[in-house]
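**Q** Dropping a structure here in structure tokens format, bear with me for questions.
The values are calculated or read from the model by the stated rules, or taken from the named source; none is laboratory data. Values in this document were obtained by computation on a predicted structure and should not be read as measured data. With ideal geometry, Cβ positions are generated from the backbone for all residues, glycine too; neighbour counts draw on all protein chains shown. For accessibility, only protein heavy atoms count, side chains too; no ligands or nucleic acids. Shrake-Rupley method; radii C 1.70, N 1.55, O 1.52, S 1.80 Å.
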Amino acid sequence: MAEANWYVVHTYSGYENKVKANIEKTIENRGLQDQILEVRVPLQDVIEIRNGAKKLVQKKLFPGYVLINMLMNDDTWYVVRNTRGVTGFVGPGSKPVPLSEEEMMAMGVGAENEIMLDFEVGDTVTILSGAWENTQGIVKAINEQKETVTISIDMFGRETPVEIAMTDVKADM
């Protein structure tokens, strides 16, 4: 018996979850559980900081793509290829190319949580709490490892650098 491999399917942008649901429904209706083993939309946990609040959100790792672990044959190819929202398999011409073990390992090992801020170096921000509460300053540096921001504030007519936790700062709009 042939071995199941991971294949990449290209979809319309924003249709990844619909394609996954439609393929899973077709697998159930046609009894293809032993041929199409898994359908996956790769997600990544990302920490967003907006207005001083941390929020963990999931973002698509590869927008417009779905991964499918399946035995490649005419039936499974036809089911996947003719699913609404699918534009085709990734590979040259009409022949899908399976992902290698190295490629799958690279995808399986997700990056650490990435922090997305609503401000960057050079932006004006307001400090939300602590001794400098309601003080405005300009972001001079961002340290993602320590989750701190170095802000230049005006103290006694001089610019003074202050290190503040990322969650204690909000961007001025």
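**Q** Given the conditions (1) within 21 Å of Asn29 (Cβ to Cβ); (2) open to solvent by 50 Å² or more (accessible area, probe 1.4 Å); (3) not in a loop (DSSP other than H, G, I, E, B); (4) not aliphatic (A, V, I, L, M), which single one is not true for Lys55?
**A** Against the list (1) within 21 Å of Asn29 (Cβ to Cβ); (2) open to solvent by 50 Å² or more (accessible area, probe 1.4 Å); (3) not in a loop (DSSP other than H, G, I, E, B); (4) not aliphatic (A, V, I, L, M), Lys55 comes up short only on (1).
**Q** Considering Ser13, Ser94, which residue is among the hydroxyl-bearing types (Ser, Thr, Tyr) and under 30 Å from Glu120 (Cα atoms)?
**A** The unique qualifying residue is Ser13.
**Q** If you don't mind, there's one more thing I want to ask. Cβ contacts < 6 Å: first residue over 19 Å from Ala171 (Cβ atoms), restricted to the range 142-160; second residue part of a strand (DSSP E or B), any location; separation 6+ or different chain. Result?
**A** Glu159/Ser152; Thr160/Ile153
**Q** Just to be sure I understand the filter: pairs with C-beta atoms under 9 Å, separated by 6 or more residues or on different chains, first member in the range 17-30 and over 12 Å from Val79 (Cα atoms) and outside any helix (DSSP H, G or I), second member open to solvent by 60 Å² or more (accessible area, probe 1.4 Å) and of a type in the set (Val, Ile, Thr). Which pairs pass?
**A** none
**Q** Same structure, new question: Please determine, by comparing only the residues of the range 83-98 that are out of contact with any helix residue (DSSP H, G or I) (no Cβ under 8 Å at 6 or more places or on another chain) and assigned to a loop (DSSP other than H, G, I, E, B), which one is least open to solvent (accessible area, probe 1.4 Å).
**A** Restricting to residues being out of contact with any helix residue (DSSP H, G or I) (no Cβ under 8 Å at 6 or more places or on another chain) and assigned to a loop (DSSP other than H, G, I, E, B), the top hit is Gly91.
**Q** Also, quick follow-up: Hey, does the range 111-126 have a residue that's in contact with a Phe, Trp or Tyr (Cβ under 7 Å, 6 or more places away or on another chain), part of a loop (DSSP other than H, G, I, E, B), closer than 30 Å to Asn22 by Cβ and in contact (Cβ under 8 Å) with a residue 60 or more places away in the chain? Reasoning before the result, please.
**A** Of the residues in the range 111-126, the ones in contact with a Phe, Trp or Tyr (Cβ under 7 Å, 6 or more places away or on another chain) are 125.
Filter once more, so that each one left must be part of a loop (DSSP other than H, G, I, E, B): none.
No, the range 111-126 contains no residue that is in contact with a Phe, Trp or Tyr (Cβ under 7 Å, 6 or more places away or on another chain), part of a loop (DSSP other than H, G, I, E, B), closer than 30 Å to Asn22 by Cβ and in contact (Cβ under 8 Å) with a residue 60 or more places away in the chain.
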